[in-house]
1. Does segment A:92-111 hold any residues that are crowded, with 21+ Cβ neighbours inside 10 Å and closer than 22 Å to A:V187 by Cβ, and which are they?
2. Checking A:P166 against (1) farther than 26 Å from A:D285 by Cβ; (2) within 12 Å of chain B (Cβ to nearest Cβ); (3) out of contact with any Asp or Glu (no Cβ under 7 Å at 6 or more places or on another chain), which single condition isn't satisfied?
3. For segment A:243-294, give me each residue that is in a helix (DSSP H, G or I), more than 15 Å from the chain's Cα centre (by Cα) and among the acidic types (D, E).
4. If you take the residues of segment B:139-168 that are charged (D, E, K, R) and farther than 22 Å from B:V54 by Cα, which of them is farthest from the chain's Cα centre (by Cα)?
5. Quick check: anything in segment A:145-153 farther than 23 Å from B:W56 by Cβ, of a type in the set (D, E, K, R) and surrounded by fewer than 21 Cβ atoms within 10 Å (Cβ to Cβ)?
6. Looking only at segment A:63-75, which residues are part of a helix (DSSP H, G or I) and free of Cβ contacts under 8 Å to residues at least 40 places away in the same chain?
7. Would you point out which residue out of B:D113, B:D124, B:D89 is within 14 Å of chain A (Cβ to nearest Cβ), out of contact with any helix residue (DSSP H, G or I) (no Cβ under 9 Å at 6 or more places or on another chain) and farther than 19 Å from A:D86 by Cα?
8. Test A:P109 against the criterion of being away from chain B (no Cβ under 14 Å), part of a helix (DSSP H, G or I) and at pLDDT 85 or above, and give yes or no.
Amino acid sequence: MNAVALTTLGIEIGWGAALAIKTLVILLIIPAGALILGYVFLLKMMSHMQSRLGPMDPGGFHGWFQLIGDGLKFVQKEDLMPDGADRKVFAGAPAVVLISTFLVFLVIPMGPDLVVKDLDIGVFYALAVSSLSVIGILMAGWSSANKYALLGGLRAAGQLIAYELPLLLAVIGVVIQAGTMSLNGIVVAQQQQSIFGIDWIGNPYILTQFVGFLIFLIAAQAELTQTPFDMPVAESELVGGYHVEYTGFRFLFFFMGEYGTAFAFSAIAATLFLGGYALPWVEGDLANWIGPLVLFAKLMLVAFLMFWARFTFPRLREDQLQAFAWKFLIPLGLANLLVTALFKVAF
Amino acid sequence: MWEQQVAFWVIAVAMAGAAIGVVRANNVVHAALFLIVVFAGSAAQYILLLAEFVAWVQVLIYIGAIIVLFLFGVMLTRAPMREERGKLDNSQRLASAVVALFLFGVLAVFLIDAFGGTELRFRDSMVEVGSAASVGDSIFRQFVIPFEVVSMLLLAALVGAVALARRD
């Protein structure tokens, strides 16, 4: 959303106002994204798929009041801290998780000019800052002075380390094809490239990098600690994992961090594999206007796949999880990388 | 230029404070958390020097991986909640102070001798030098052999770790 973009839309603003607008958009995007995903998928889709009656009841039509009621409940709860807790670390942990989510949104383009900062190394930056949330999770698990919380934190760390690698390998395939790490550059590349000479829809990388797309989705699912990879918060084994001691608005922070990150990963997947904000034959100012809507539609499609898996599969065992990452996903990712590189050199 | 000077000193003071915190913390987990501030500070210094790619590599590798492994290891083996006064201390304070002072002296003398009169003048064209493309170019053109040697070293370390951990 830089000044140039708004000028082409007929609005004159200075860099100070542009900075203020950017900050506001980024600050609003996480609560908004968390609300949308929580409402559409967690409450409505899950209730329909699993025949849950509770979330369909409050307020009448499809239980529209449920999420507002949940929010009010969180805000008015007492702010509890366990007796033996390490107070500063305990209080800082939710903030670390949320900050890492905020930083990811800085590089996601919503239109040709609608991006906070189009970094040259955009996708690398996004993965680097999203990996910081593990530290918040470990801080939360340790500082709670609770064995279940600590076990949850350790499981989360082990899982996030293991699935960081397939995630990176899946992204490298896209970077090789696009020839750039800038997310905006990747969108443009998908618009302009062709698949063996057929160029009327460009080259959305979901077609040529389908294996990469699958690896990315699975690894993102594990990074988000969603079922079938939800051992860190497995309520039947660990009560609630690393956030078991958190109540009220601190828990709300973790909740927003989780769904905000799901929103961010869906947006990154939509940008990397589905062509991001771009539609075929749409260029120039029009792309700036409808870009956010197109990106949102694609992102919801990716999020639908993620939450569909979440509501359908049973939980894996801890050793199955590690074996799946190291013995299957990483070799597959390396093979995909090799094939992509060969095709890049050959064609 | 003065903005860069101010930013440098603010970050440098924060880094030095956190580094002292790492040594003085009475709890291993706190020491590791202080270390995050030091690493984040050095990433910020790289950005000040226009080395953007190196800065985010620093974040991904040091903060996202090495610190996480530190914390993981500490919490897996023992996770002390209370302060362990005395247990993390030893009787070699004086010796370590001498070594630290000597190292500081040597580094200061060499750095001032090598770069003492150099003045950095940042231009827009220098942004290119810190980009991922030019870093990749120089690694795979000028420094291919050191790069391959380091890869072999890491591979050997990996094989060694597997051999040590293996039980049969």
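The values are calculated or read from the model by the stated rules, or taken from the named source; none is laboratory data. The structure displayed is predicted, hence computed values, not measured ones. So basically every Cβ, Gly included, is an ideal-geometry build from the backbone, and we count neighbours across all protein chains shown.
1. Result: A:T101, A:V104, A:F105, A:V107, A:I108, A:P109, A:M110, A:G111.
2. (2)
3. Selection gives A:D285 alone.
4. Top of the filtered list is B:D168.
5. yes
6. Residues satisfying the conditions are A:G63, A:Q66, A:L67, A:I68, A:G69, A:D70, A:L72, A:K73.
7. Of the residues listed, the single one that is within 14 Å of chain A (Cβ to nearest Cβ), out of contact with any helix residue (DSSP H, G or I) (no Cβ under 9 Å at 6 or more places or on another chain) and farther than 19 Å from A:D86 by Cα is B:D124.
8. no
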